[in-house]
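S.K.: Below is one structure. I have some questions about it.
The values are calculated or read from the model by the stated rules, or taken from the named source; none is laboratory data. If you're wondering where the values come from, they're calculated on a predicted model, not measured in any experiment. We place every Cβ from the backbone using ideal geometry, glycine too, and count neighbours over all the protein chains shown.
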Protein chains: 2
Amino acid sequence: MPAKSDLKDLIRRVRRGDHAAAARALSLVVDEDESAASLARDFFKSAGSAQKVGVCGPPGAGKSTLTGRLIGLYRARKIPVGVLAVDPSSSLSGGAFLGDRLRIMAHATDPGVFIRSLASRGMVGGLTHAIFGAVHVLEALGCAKIIVETVGTGQDEVEIASVADTVLYVTTPALGDEIQAMKAGAMEIGDVFVVNKADLAGRDKAVADLRGALGLGRAAGQAPRAWEPPVVAVSALSGEGVEALGRELDAHWAHLERSGERRERLKRQHRAELEFWIQRRVLKTALGRVDEKALKDLLSGKTDPASLGAKLLRKH
Amino acid sequence: MPAKSDLKDLIRRVRRGDHAAAARALSLVVDEDESAASLARDFFKSAGSAQKVGVCGPPGAGKSTLTGRLIGLYRARKIPVGVLAVDPSSSLSGGAFLGDRLRIMAHATDPGVFIRSLASRGMVGGLTHAIFGAVHVLEALGCAKIIVETVGTGQDEVEIASVADTVLYVTTPALGDEIQAMKAGAMEIGDVFVVNKADLAGRDKAVADLRGALGLGRAAGQAPRAWEPPVVAVSALSGEGVEALGRELDAHWAHLERSGERRERLKRQHRAELEFWIQRRVLKTALGRVDEKALKDLLSGKTDPASLGAKLLRKH
């Protein structure tokens, strides 16, 4: 555990834009080192300063390639960008499984881009908890745009909605019906939709289908929504459509500000962060008390999870 | 909330094999009705009486069709079967999205089969918590085999390992590399592997690839494992290979018993059930105390999630 004065220095360096310091701070926060609490507390002061863009969609939709394009777009405008890439780690071994994120890594040497991949850590809520902490470090570092790229599972989509200001949902014309079924949840959380690999046949149909599905989600007679999620056809590979996508992301950010929705989302994010914090803390302490005897009592039927859980919590 | 005498009657009826009573009990347990605690307590006495087979794998691998085949296999042997199908619900609306589970539903009128779909409920850990309770109801009902079919996201695979005795991982020769990447975690949790749609070209290669990948998972010089996960080629559509799969599932169950691993897995399951119970209970009570003022203090930076979380827990 670093000394207190070192931590103060670390915080100062992060706030001055020092990438090495940010990498160190991020490790401490994500690994929940003892010192993380005071760091997290300080970095939380910067909460809400960046537009957090959550990139989700099924595996194979081209999320990484698109993320690489978005970095390029923001960098052309000299905007400092942070990227958090969630890795589909094996939760049992703890080892990270790195996907093909070459197009993101091409920006790794740009001093205006800070990239970090986060490995899932085998505990429910663990990853999301880490994302909140990591986002605040990047905000403190001065990133004005933070892209959070998920793995592409349904669970992700749920979690990204509690972290991001703007949820970007990526799909392709080629993805089959089975995977499309996973979109049910995305329909509700997506703020901007991308049909990627739009050079493929079926692009117009895919865009029209998606627009149709989004329209159908609204009950008849319901008032028009303040924000109609746009559908943008993009070829992340060639870069076609990426400028238009950037405009929609900006438009959504402006809409959030104008409508007061930005504050509402921030509130929801803070609530979720609090929820994950409590969850992890309690599991750590209460489950620390589950010993071999308790497990044997469960096995023999002497007690049950509800009774034992209540007992452990009373001791809290 | 039902009267106490009604609950006793309900428990009696479930234990006598009454499906209608089981359906009612399951609703109470899953919805966490006030009465659920005493019900869950009673049903937990049956914990460990059935072989719980978790069916996982990517979307489109044919998990539902295979589940239908397994039901048929067990029913031909007059074994009472319970099926819990996890639905990829929209967590925000709470509505369930039913996939094509026709082959499972074909068994819905068989009095020896109890089928229930569980909708994800928007809270982390919520679904797994519900699965534990539901499993115990099915065990009390007398099901000797319980099949838990997941949606096919990475998160599922992690969670299924904490619920199932035997994890059945289903894939197909046709699924692309992107989706294969999601398998990294499955490699470690799968007890039996199925290459489905094995009438397709590439079946032998897929089986060999999978066998190779499973072998590679073992470090050189390591002792041979007590259980070598078999890879079975199956056509769930035609039924080819299903008998052989059934034999492997039986062999795994026998192995668990013989090796003492069954008890170890049951312990792990109980621990996970306890964990989810505690998690949900604490979130309910601690987060019940998060009011508008607390959220405003977070927004204004007067406090932060760690400080506020600690305060809320002290009040617990």
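S.K.: Residues that are at pLDDT below 90, surrounded by fewer than 13 Cβ atoms within 10 Å (Cβ to Cβ) and assigned by TED's automatic domain parsing to the domain that holds A:VAL163: find the helices (runs of 4 or more DSSP H) completely inside region A:200-316 holding 1 or more of those.
M.R.: A:203-216
S.K.: Restricting the search to region A:241-294, which residues are among the small types (Gly, Ala, Ser) and farther than 19 Å from A:ALA47 by Cβ?
M.R.: Once the filter is applied, which keeps residues that are among the small types (Gly, Ala, Ser) and farther than 19 Å from A:ALA47 by Cβ, region A:241-294 yields A:GLY241, A:ALA244, A:GLY246, A:ALA251, A:ALA254, A:SER259, A:ALA286, A:GLY288, A:ALA294.
S.K.: Right, something else. Any idea which of (1) in a loop (DSSP other than H, G, I, E, B); (2) at pLDDT 90 or above; (3) of a type in the set (Gly, Ala, Ser) is the one B:SER162 doesn't satisfy?
M.R.: Against the list (1) in a loop (DSSP other than H, G, I, E, B); (2) at pLDDT 90 or above; (3) of a type in the set (Gly, Ala, Ser), B:SER162 comes up short only on (2).
S.K.: Still on this structure: Within the group A:GLY68, A:GLY17, which residue is in contact (Cβ under 8 Å) with a residue 12 or more places away in the chain, over 21 Å from A:LEU274 (Cα atoms) and assigned to a loop (DSSP other than H, G, I, E, B)? Full working, then the answer.
M.R.: Working: A:GLY68 fails: assigned to a loop (DSSP other than H, G, I, E, B).
Testing whether each residue is in contact (Cβ under 8 Å) with a residue 12 or more places away in the chain, over 21 Å from A:LEU274 (Cα atoms) and assigned to a loop (DSSP other than H, G, I, E, B) leaves just A:GLY17.
S.K.: Shifting gears a bit: Does B:ASP9 satisfy the condition of being among the acidic types (Asp, Glu), in a helix (DSSP H, G or I) and free of Cβ contacts under 8 Å to residues at least 12 places away in the same chain?
M.R.: The answer is yes for B:ASP9.
S.K.: Now for a different question. Out of all the residues in region B:94-111, is one or more of a type in the set (Asp, Glu), modelled with pLDDT under 85 and not in a loop (DSSP other than H, G, I, E, B)?
M.R.: Within region B:94-111, none of the residues are of a type in the set (Asp, Glu), modelled with pLDDT under 85 and not in a loop (DSSP other than H, G, I, E, B).
S.K.: When the residues of region A:131-149 are narrowed to those that are charged (D, E, K, R) and not in a helix (DSSP H, G or I), which ends up farthest from the other protein chains (Cβ to nearest Cβ)?
M.R.: Among them, the one singled out is A:LYS145.
S.K.: Separate question: So A:VAL83 ticks every box in (1) away from chain B (no Cβ under 14 Å); (2) in a helix (DSSP H, G or I) but one. Which box is left unticked?
M.R.: (2)
S.K.: Check B:ALA25 against each of (1) modelled with pLDDT of 85 or more; (2) not in a helix (DSSP H, G or I) and name the one condition it does not meet.
M.R.: Of the numbered conditions (1) modelled with pLDDT of 85 or more; (2) not in a helix (DSSP H, G or I), the odd one out for B:ALA25 is (2).
S.K.: Turning to a different aspect of this structure: In region A:47-65, which residues are more than 9 Å from chain B (Cβ to nearest Cβ) and not hydrophobic (A, V, I, L, M, F, W, C)?
M.R.: Passing the criteria: A:SER49, A:GLN51, A:LYS52, A:GLY54, A:GLY57, A:GLY62, A:LYS63, A:SER64, A:THR65.
S.K.: What's the number of the only condition in (1) among the hydrophobic types (A, V, I, L, M, F, W, C); (2) in contact with a Lys or Arg (Cβ under 6 Å, 6 or more places away or on another chain); (3) facing chain A (nearest Cβ under 7 Å) that B:LEU283 fails to meet?
M.R.: All conditions pass for B:LEU283, except number (2).
S.K.: Filter region A:28-59 for residues that are among the acidic types (Asp, Glu) and not in a helix (DSSP H, G or I); which is surrounded by the fewest Cβ atoms within 10 Å (Cβ to Cβ)?
M.R.: Applying the filter and picking the extreme gives A:GLU34.
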